[in-house]
Structures are given as structure tokens and as C-alpha cells.
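Below: one structure, written as C-alpha cells.
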Amino acid sequence: MAGAAMLAARAAGAAGAGYVLLAEAADATAGPDAIVRHRGPLAERLADARIGAVVVGPGLTGDDAARARDAIRSGRPLVLDAGAIALGLPRLPVPAILTPHDGEFRRAFGDLPGSKIDRARAAAERSGAVVLLKGPDTVIAAPDGRAAIGVSPRWAGTAGSGDVLAGLCGAMLARGLDPFAAACAAQWLHAAAVRAAGPAPIADALIAPLGEAVGSCG
């Protein structure tokens, strides 16, 4: 599912990550020339002190699990999405954001009691990461108990839009925001792009409005 990784990379670039490296396990779909492609061992790339954030999970398959674990252990700020959440989560010692939808959340954390906010807070405390629990009423919870709710248009759940959101989270981390602020900013930008794209968009249509959405934040 190389297109998922490309959507995340394009979103990160459009949201202000100055240099985006797409680590490929296979041929990727066509994309912007500004996105740098890399294949092979990741150790040297992950050791680069300039890395501001690593996004792991969009388009991830079982064959990529070893590479994903290497990235998670890199010591860099992390965004874990989709397949990366399913790898089994230690308590993360680095700044991190998890971006599960409800099914991924239940597979990772089980059937936690309480409201959506209660469940997201409990998962954040358990993982040591900010949890962005997706949905029309996205809940963002931090390990210290802070929580926010972001409202998105009902059509925001189109296939691939979560990959765009993961890329936005990575860009906000790379720009220096703490994980809770980064997740809140990413959710706001994502919702703004969805509204600008109009009803029933494909995820690719969310990329173009991102520049204007970022610009509107000053």
C-alpha cells in the first residue's frame, strides 16, 4: 500500500516539513519530486541528527515489521499509525503520537471502560504517548490528563485521510510542537482541508488546501 505512505509524505511536505524522506520497502506510487526516496537499511538515515520526527505505519504490511520496529527504536519523536499500532506498544520513552481509529484502538488497548475521553486518557497514560482517537468527534488525550475534542465533517473518514492526518502530525512534531499541541494542530488542519475539499473527496484532494490552512494560522 505504497500510496498510503505517499499520502503521509505529501501531507507532511505541504504542512511545512522542510525535508521529507520516504523510506520505501517497494516501488512507490508517483509523487512530488521534492520527496526524497530511500530504500535499504534505515540505520544510517535514522541516525541523522536533523530528523525532527518519524511517521511509522501508513501502508505498513507484515513484511515491513522489522523495519518499522527499527524506526520505533530510533529515539526520534514518533507518530504511530495503522499497522505500527498493531505491532504491540511498549511504553514509549520519546515524544510520540498514536493515531488509531476505534478498531485499531480496541486491538491495542482492549475494551476500556468509560467515555471516549476516558478511554483515550487511559490509553495515553498507559502508553506514555498522546493518543489521537479518530472519528467525527476526534479525542486527543495526553498522558498528563489533558484532553481536547476536534470536530470534523462527516465525510472526513474517506480512505487515505488517516494517512494524511499522520503526515500532518509528523510535520507538526518536526516543526517543534510538543506532542499534544502537534496533534491538536494536525487535527485542526486536517478538518480545515476536508471542509475545503468539499463532500465526498478522495484523500489526494486534501493535500492542496493544506498550504492555505497553514497560512491562515499565521
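Out of the chymotrypsin sites (Phe, Trp or Tyr not before Pro) in segment 88-185, which ones are loop residues according to DSSP with at most 12 other C-beta atoms within 10 Å?
Working: sites: 105, 109, 155, 180; in loops: none.
Hits after loop and neighbour filter: nothing returned.
Which value at 222 nm does the chain reach when only helices count, each DSSP H run of 4 or more adding -39,500 (n - 2.57), with the total divided by all residues and rounded to the nearest 500 deg cm²/dmol?
On the way: 8 runs with 85 residues, N = 218.
Calculated from helices alone, the mean residue ellipticity at 222 nm is -11500 deg cm²/dmol.
Hey, any idea what Rg/Rh is for segment 123-218, computing Rh the Kirkwood way over Cα pairs?
Values: Rg = 12.9 Å, Rh = 13.4 Å.
Looking at segment 123-218, the ratio lands at 0.96.
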**Fill in**
Under 5 Å from the placed amide H of residue 79, counting only residues 5+ away or on other chains, we find 54, 55, 56, 97
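Hey, if we sort 117, 85 by accessible area with the 1.4 Å probe, largest down, what's the order?
Values: 117 50, 85 5 Å².
Sorted by accessible area, descending: 117, 85.
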**Message:** With a 10 Å cut-off between alpha carbons and a GNM built on the chain, which of 156, 65, 171 moves the most?
**Reply:** 65
**Request:** May I have the extent of the alpha carbons of segment 1-136 along their three principal axes, as whole Å values ordered from largest to smallest?
**Result:** 46, 30, 29
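For segment 57-137, what value does the Rg/Rh ratio take when both radii are computed over Cα atoms and Rh is the Kirkwood radius, given to two decimals?
Details: Rg = 12.2 Å, Rh = 12.8 Å.
With Rh from the inverse mean 1/r over Cα pairs, Rg/Rh is 0.95.
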**Prompt:** For segment 79-187, what does the alpha-carbon gyration tensor say about shape, rounded, prolate or oblate, given a ≥ b ≥ c as the root eigenvalues, a/c under 1.5 as rounded, and a/b over b/c as prolate?
**Reply:** rounded
**Request:** Can you tell me the dipole magnitude for the chain around its Cα centre, using point charges on the Cβ only (Lys, Arg +1; Asp, Glu -1), in Debye to the nearest 20?
**Result:** 340 debye
**Fill in**
Within the set 186, 47, 208, GNM on the chain using Cα springs under 10 Å gives the largest fluctuation to 47
**Request:** Quick one: give the max-minus-min coordinate of the C-alpha atoms of segment 149-188 along each principal axis, largest first, in Å.
**Result:** 30, 20, 9
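Normalised by the number of residues in the chain, what is the relative contact order in percent for Cα pairs under 8 Å and 6+ residues apart?
Details: 421 pairs, mean separation 46.2, N = 218.
Answer for the chain is 21 percent.
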**Fill in**
Once normalised by the length of segment 1-92, the mean sequence separation of its alpha carbon contacts under 8 Å that are 6 or more apart gives a contact order in percent of 26 percent
**Message:** Give me the dipole magnitude in Debye, nearest 20, for segment 58-126 about the Cα centre, with unit charges on the beta carbon: positive for Lys and Arg, negative for Asp and Glu.
**Reply:** 240 debye
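The values are calculated or read from the model by the stated rules, or taken from the named source; none is laboratory data. Model, not experiment: these values are computed from the prediction. Positions of Cβ are backbone-derived with ideal geometry, glycine not excepted, and every protein chain shown enters the neighbour counts. With ligands, DNA and RNA removed, areas are computed over all heavy atoms of the protein, side chains included. Shrake-Rupley method; radii C 1.70, N 1.55, O 1.52, S 1.80 Å.
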